[in-house]
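The structure appears right after this line, and notes come after that.
The values are calculated or read from the model by the stated rules, or taken from the named source; none is laboratory data. Remember, predicted model here, so these are calculated numbers, not experimental data. Cβ placement follows ideal geometry from the backbone for every residue including glycine, while neighbour counts extend to all protein chains displayed.
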Amino acid sequence: MTTMALGKAINAGLRRAMERDAHVLVMGEDVGKLGGVFRVTDGLQKDFGEDRVIDTPLAESGIVGTAVGLALRGYRPVCEIQFDGFIFPATDQIISQVAKMHFRSGGRLRLPVVIRVPFGGGIGAVEHHSESPEAYFVHTPGLKVVAVSNPVDAYWMIQQAIELDDPVLFFEPKRRYWDKAEVDEDGSADLSLAAARVVQAGTDATVVAYGPMVRTCLDAAAAAGDESRSLEVIDLRSLSPLDLPILYESVRKTGRCIVVHEAPRTLGGGAEVAARVTEECFYSLEAPVIRVTGFDTPYPPARVEEEYLPDLDRVLDGVDRALAY
Amino acid sequence: MTTMALGKAINAGLRRAMERDAHVLVMGEDVGKLGGVFRVTDGLQKDFGEDRVIDTPLAESGIVGTAVGLALRGYRPVCEIQFDGFIFPATDQIISQVAKMHFRSGGRLRLPVVIRVPFGGGIGAVEHHSESPEAYFVHTPGLKVVAVSNPVDAYWMIQQAIELDDPVLFFEPKRRYWDKAEVDEDGSADLSLAAARVVQAGTDATVVAYGPMVRTCLDAAAAAGDESRSLEVIDLRSLSPLDLPILYESVRKTGRCIVVHEAPRTLGGGAEVAARVTEECFYSLEAPVIRVTGFDTPYPPARVEEEYLPDLDRVLDGVDRALAY
Amino acid sequence: MTVETGTPAAGDARPAGDDPELVQLLTPEGERRPNAEYDPLVADVTDDDVRGFYRDLVLARRIDTEAVALQRHGELGLWASLLGQEGAQVGSGRALRRQDHVFPTYREHGVAWCRGVEPGLLLGLFRGVDQGGWDPLEQNFHLYTIVVGAQTLHATGYAMGIQRDGAVGTGDPDRDTAVIAYFGDGASSQGDVNEAFIWAAVNNAPVVFFCQNNQWAISEPLERQTRVPLYRRAAGFGFPGVRVDGNDVLACLAVTRAALQRARDGEGPTLVEAYTYRMGAHTTTDDPTRYRLAADLEHWKLKDPIERVKAYLTRSGGADHQFFDAVDAEAERLADHLRTFCRELPDPAPTSIFDHVYVEPTPPLVEQRDELAAYLESFAAEEVRS
Amino acid sequence: MTVETGTPAAGDARPAGDDPELVQLLTPEGERRPNAEYDPLVADVTDDDVRGFYRDLVLARRIDTEAVALQRHGELGLWASLLGQEGAQVGSGRALRRQDHVFPTYREHGVAWCRGVEPGLLLGLFRGVDQGGWDPLEQNFHLYTIVVGAQTLHATGYAMGIQRDGAVGTGDPDRDTAVIAYFGDGASSQGDVNEAFIWAAVNNAPVVFFCQNNQWAISEPLERQTRVPLYRRAAGFGFPGVRVDGNDVLACLAVTRAALQRARDGEGPTLVEAYTYRMGAHTTTDDPTRYRLAADLEHWKLKDPIERVKAYLTRSGGADHQFFDAVDAEAERLADHLRTFCRELPDPAPTSIFDHVYVEPTPPLVEQRDELAAYLESFAAEEVRS
Ligand SMILES: Cc1ncc(C[n+]2csc(CCOP(=O)(O)OP(=O)(O)O)c2C)c(N)n1
Ligand SMILES: Cc1ncc(C[n+]2csc(CCOP(=O)(O)OP(=O)(O)O)c2C)c(N)n1
Ligand SMILES: [Mg+2]
Ligand SMILES: [Mg+2]
């Protein structure tokens, strides 16, 4: 067991994957000597060399586009997008090329490309550094999309993502990079990459979250517990595909569902959760699925981001609304 | 009154807007002499010159990015993206620049940019020519997103979009370009750009659609009428913002809602309609909102697109499922 | 309102009448033109080889005309014709070694032919039964890329993989490997293509950028993409560019051989601009009379890539009537084969939509597949009942 | 596994010791170096003007050091320092005419100063109270663009608008207008920047691309972006490129004046590569000791853009102690002003989040705003109760 921060856990997971398979490459802006602006790739270039840890020119389409070519040659590139807001120049390569290559080749070609994206707000950053762009990729068939919430998952999920032969968008909650936990590096993953997890069992309402909001929701559940409200908190982990049975089971039990994310509300991940849960648990629902989310505005200046982002109180407010129905 | 095909109606609307305001420009690939691959800009370069109808270099980011600059200089550019699948290279300019400029300037700058996108399938095209990418933009605050379904709306909505000081993604149902209707060019628009329309009143269920699926749903409603089922069909027209009151009113009356689009189901526009309608009409709903949509796969080869796309029968099947609840 | 366009900063984007920078080894009249730099690269080419090129050119064109005919007969939804570009495609295609890897656009039927891809399989995409029916790993010929320019980055990444495999600069002719990326004059404007130049230059990657400048991007003439010759773009990124007569199969062979060898030797990328002309419509849905003059076509007909090889072979005695007739006959047989192949291409099964979205089907997709299957079943059941 | 990198196709991306292609008018020692081409462009520059530049340089640096200090004191979340780049920014900034339009990156504080933007307003973005607090239409100084390279397309489009307004090539010095787009060496790799080159070339647009090559894109040295000098990129796109000593305010003035005038005259775009060095960290969160040597810094300290002007003025008798002291005193007053301005920048109201998403608020947004307002109210109400 090692105490690890989330960012460090991804670093350790990357290292493990690189040791295991010489075809695993890391590429992106400043991933080399600097170790990435969040130090997630710290030390990797020193140990694996400049051929495997590649400081690329400054262009995201180029990063993903050349990763496609490397993957076609048999490599397993792990691309780093420096910040969420800078994934958009790579959209075409991701949506029209990465997502479709396996399909359009009739299964002949595989693209084991992982695209790591530090995402979300709450760190007082300037514009374009606090975005939550996951929904764009969840809406794109052919991509797998995961979001990690804690160091243990981070350590295992990055390795699972690299091992997968499908392309994976790997979202990392940047404001939780320094969250710590015990990681058993000699153990093994306890869940598949596509599985959701009940992180706290409860009976009164189901709170669904992923990435940075999982901790927020656990805090909310603790606070609610003090008022003797029992919240079940589910960490989605995989946004595409969604692990739906676990959601349905929980909502059938609690009858209430609150879904929480930082991304704007309209067509954010919560819309899909709400639609599916309602489709499948229609007669169990005591209230409509409540969405506690970022607002439908551009991400605001840092001094007002606390008002934009869901926090413990807004989650509890959502729970109240669900219970009041 | 003039009988006009939908594509021709947009052409006429563009012409009107260009006559009215010398700052209106048309720009894109092949919009000049060729008049666009769908002839929507036919004759405009001849009449307004090469300075106002600009054949651009072949790069979508360049088209939108320079349109931003032109708009900042006081022009009102109307960009054509040749096909839905080719909007993705422009994603960064649209999402990080166009959508945010007014907001980040504290309201000082306005970007009256219209981005026209022929979209959707059903025309037997090769890959990347039948996509329905509207959800990506609906999820992006700061953009307005509309989809036209018929020549009359097309004629007026393009003019309204150009007049608006907000950026507008203007989706044109390419397989309906040849649909005809009477257009009264001397009249005036009967609805605001953001308004939805009840295109057929009914009592048993509400069918919500936009763009190419409106006609499909009207056909379905006619067929259902033959079996004495009364469907109310709503044409959303505006996808962002949604005209929610009209939806709520209808669903409160019918108690059932079927939402139809070509885009993949997961986080397609239907997810938001389902989530909102359920939030607001929870006690009126006799059944969960049913989504009749494209599947969560890349758009398939043309010979199997009929199976991918919602059609009259699949809409009726959705209605059956809603009514059977 | 007038636009001040001023004088373009540099010369014209097109070669002048007798441009010394345009590499040409065979004149339109079929005369062999000496070239100190490039002659050594084709010194090994025998008459037999030239006959082979002639056959390639004719068969590539025949595939093309047959596909156009199949489209006219409703068997294909669309076709992108290579008419006029056979010289560029066969010349570059025949410069490749087995281990080299090709990233084509949607128009490289002639290159596909040289690589040995079953020509019938090229039709699937245009017939709408698949999105590329051949195995890209078999002939090292990637799927057609329709999103203009995107494949140049794939090619560059692939070339970086070759470097990491140590398959560059070893001196072993069967090991050293190059990549060739095809794209058009229009594509040269895309960000992706320019980023590919940057990646290739910075990494000194073994990739040849082969631009078929057919002077049109659908309806837009070359001048809407550049004011200066495209091959010069390369120098600004730090690697050589060369302009070749794209209608001269021999010159294309020589120039591409040189570029590929540079790449295999670890000397880095080259940009080849093959100056040619799109003799047909952009695709079968296009109507070029809306935007260009018939006179232009007449002018370019005189530069036909096949005629000049025929003239050369005739003139040099390298081939006679019998040979030409035999090739024509073979072309007809190929056309027959294509027709049959096309009509026999199986339609995909409806639920095949769900195949290969992921390596393993995900539960939500299985659910949707079952939903579609049950729905289609219900019709079948109804039909049986009625 | 080794990567064959071979020999780069062309020379080094950096100028050699005494590069004749590097335009320099003032040596690091403050000596005036004659230059036949560019001397005429600064022939009108008086000692008074040079004193003005000195003042600009010192004040720009003082704004910067104060902002760094404010960040250290927690008043700003972040700051991107221009340290070392004052010469490039003041030289180019002072070449502008009133009607010219500027599209900056996040680092152009010195250009903002020259344009007359209230320096306190530059802090808002970094303090997190706004995303650019100045009115871009007032000083023709656009908002800072953080997405690397995106602004070059905006600049080019704006320049196309100028052409359509007929404000180019008229010969009227108050009417003819140019645009200047700032970007970095790293940005030169972005597709957008290269597309901007294409648009500008094809349209002969009145835009100057001003690349401050400070040799670093965060931790990546120039060699990760190019193997050849960046200014040469332009020729491949069909317009001139020029490399100037970015630490020489006079040379930057001359070169930018020439480029802007070309643009205003309707002669089209120019790429200026201002070769300089980022003396500080990339931003206040960066730690450059991880990736570069202190020795480099020492080397570049000798080329300081301010010291050489001071040496020149001293040497030429153009200024004395009193002048330098006065500028220093003014700098301190400016720093005071900044501190005060910064601390007084109002925090945005919570519901201001909903302002200016659209020109008119949409009903769903009004609903969300009301939702937030009511929610915040509920706390206020609770607080009152308790
Ligand atoms: C990104 C993108 N934008 C637009 C298109 C539509 N389109 C298809 S081919 C073409 C012109 C391509 O011209 P060029 O690169 O010269 O190749 P050519 O067709 O002449 O071989 C265009 C605009 C596309 N396929 N991809
Ligand atoms: C599209 C995009 N990708 C990544 C970043 C993160 N980033 C900010 S500045 C920077 C380096 C920029 O280098 P350069 O263009 O040389 O400008 P400089 O900072 O040196 O002035 C990077 C990678 C960004 N802002 N935008
Ligand atoms: Mg072309
Ligand atoms: Mg830099």
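Values for this structure:
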{"read-out": "C:THR156 being in contact (Cβ under 8 Å) with a residue 24 or more places away in the chain, among the β-branched types (Val, Ile, Thr) and more than 7 Å from chain A (Cβ to nearest Cβ)", "value": "no"}
{"read-out": "Residue among B:ALA67, B:ALA71 that is among the small types (Gly, Ala, Ser), out of contact with any helix residue (DSSP H, G or I) (no Cβ under 7 Å at 6 or more places or on another chain) and in a helix (DSSP H, G or I)", "value": "B:ALA71"}
{"read-out": "Filter result for D:THR177 (hydroxyl-bearing (Ser, Thr, Tyr), away from ligand 4 (no atom under 16 Å from the Cβ) and within 14 Å of chain C (Cβ to nearest Cβ))", "value": "yes"}
{"read-out": "C:ALA80 being away from ligand 1 (no atom under 16 Å from the Cβ) and either of a type in the set (D, E, K, R) or farther than 18 Å from A:VAL68 by Cβ (or both)", "value": "no"}
{"read-out": "Meets criteria (surrounded by fewer than 24 Cβ atoms within 10 Å (Cβ to Cβ) and either away from ligand 3 (no atom under 14 Å from the Cβ) or more than 14 Å from chain D (Cβ to nearest Cβ) (or both)) for C:ARG257", "value": "yes"}
{"read-out": "Criterion: in the same structural domain as B:ALA17 (by TED's automatic domain parsing) and crowded, with 23+ Cβ neighbours inside 10 Å - qualifying residue of B:LEU143, B:LEU239, B:LEU164", "value": "B:LEU143"}
{"read-out": "Residue within the range B:87-94 that is more than 16 Å from ligand 2 (Cβ to nearest atom) and either crowded, with 24+ Cβ neighbours inside 10 Å or at the interface with another protein chain (Cβ under 8 Å from one of its Cβ atoms) (or both) present", "value": "yes"}
{"read-out": "Filter result (in contact with a strand residue (DSSP E or B) (Cβ under 6 Å, 6 or more places away or on another chain) and either part of a helix (DSSP H, G or I) or within 12 Å of chain B (Cβ to nearest Cβ) (or both)) within the range C:91-104", "value": "C:SER92"}
{"read-out": "Those residues of the range D:80-95 which are crowded, with 24+ Cβ neighbours inside 10 Å and away from ligand 4 (no atom under 16 Å from the Cβ), in sequence order", "value": "D:VAL90, D:GLY91, D:GLY93, D:ALA95"}
{"read-out": "Every residue from the range A:39-82 that is under 20 Å from A:HIS129 (Cα atoms) and surrounded by fewer than 21 Cβ atoms within 10 Å (Cβ to Cβ)", "value": "A:ARG39"}
{"read-out": "Those residues of the range A:81-109 which are touching a His at 6+ places or on another chain (Cβ under 6 Å), assigned to a loop (DSSP other than H, G, I, E, B) and over 15 Å from B:PRO298 (Cβ atoms), in sequence order", "value": "A:PHE83"}
{"read-out": "Test: residue in the range A:266-281 that is closer than 24 Å to D:ALA349 by Cβ and either crowded, with 21+ Cβ neighbours inside 10 Å or not charged (D, E, K, R) (or both)", "value": "yes"}
{"read-out": "Selected residue [at pLDDT 95 or above and not in a loop (DSSP other than H, G, I, E, B)] from C:LEU122, C:LEU137", "value": "C:LEU122"}
{"read-out": "Hey, D:ASN194 at pLDDT 95 or above, buried (at least 24 other Cβ atoms within 10 Å of the Cβ), within 16 Å of ligand 1 (Cβ to nearest atom) and not hydroxyl-bearing (Ser, Thr, Tyr) or not", "value": "yes"}
{"read-out": "Extreme residue, nearest to ligand 1 (Cβ to nearest atom), among residues of the range D:153-178 that are out of contact with any Leu (no Cβ under 9 Å at 6 or more places or on another chain) and within 19 Å of B:SER61 (Cβ to Cβ)", "value": "D:LEU153"}
{"read-out": "B:VAL251 of a type outside the set (D, E, K, R) and assigned to a strand (DSSP E or B)", "value": "no"}
{"read-out": "Residue that is in contact (Cβ under 8 Å) with a residue 40 or more places away in the chain, assigned by TED's automatic domain parsing to the domain that holds D:GLY157, more than 18 Å from D:GLY110 (Cα to Cα) and more than 15 Å from ligand 4 (Cβ to nearest atom), where the choices are D:ARG227, D:ARG292", "value": "D:ARG227"}
{"read-out": "Selection from the range B:180-234 of residues that are within 18 Å of B:ALA324 (Cα to Cα) and not in a helix (DSSP H, G or I)", "value": "B:GLY202, B:THR203, B:ASP204, B:ALA205, B:THR206, B:VAL207, B:GLU227, B:SER228, B:ARG229, B:SER230, B:LEU231, B:GLU232"}
{"read-out": "Check on C:LEU297, in contact (Cβ under 8 Å) with a residue 12 or more places away in the chain, under 22 Å from the mean Cα position of the chain (by Cα), assigned to a helix (DSSP H, G or I) and surrounded by 15 or more Cβ atoms within 10 Å (Cβ to Cβ)", "value": "yes"}
{"read-out": "Complete set of residues in the range D:202-224 that are more than 15 Å from the chain's Cα centre (by Cα) and at the interface with another protein chain (Cβ under 7 Å from one of its Cβ atoms)", "value": "D:VAL202, D:ASN204, D:ILE218, D:SER219, D:GLU220, D:ARG224"}
{"read-out": "Residue within the range A:178-197 that is modelled with pLDDT of 95 or more, under 12 Å from the mean Cα position of the chain (by Cα), under 30 Å from D:THR145 (Cβ atoms) and within 14 Å of another protein chain (Cβ to nearest Cβ) present", "value": "no"}
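The rows are residues; the columns are (1) more than 16 Å from ligand 4 (Cβ to nearest atom); (2) touching a Ser or Thr at 6+ places or on another chain (Cβ under 8 Å); (3) modelled with pLDDT under 95.
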| site | (1), (2), (3) |
| --- | --- |
| A:ARG20 | yes, no, no |
| A:GLY28 | yes, yes, no |
| A:LEU34 | no, yes, no |
| A:ILE63 | yes, yes, no |
| A:GLY74 | yes, no, no |
| A:LYS100 | yes, no, no |
| A:VAL117 | yes, no, no |
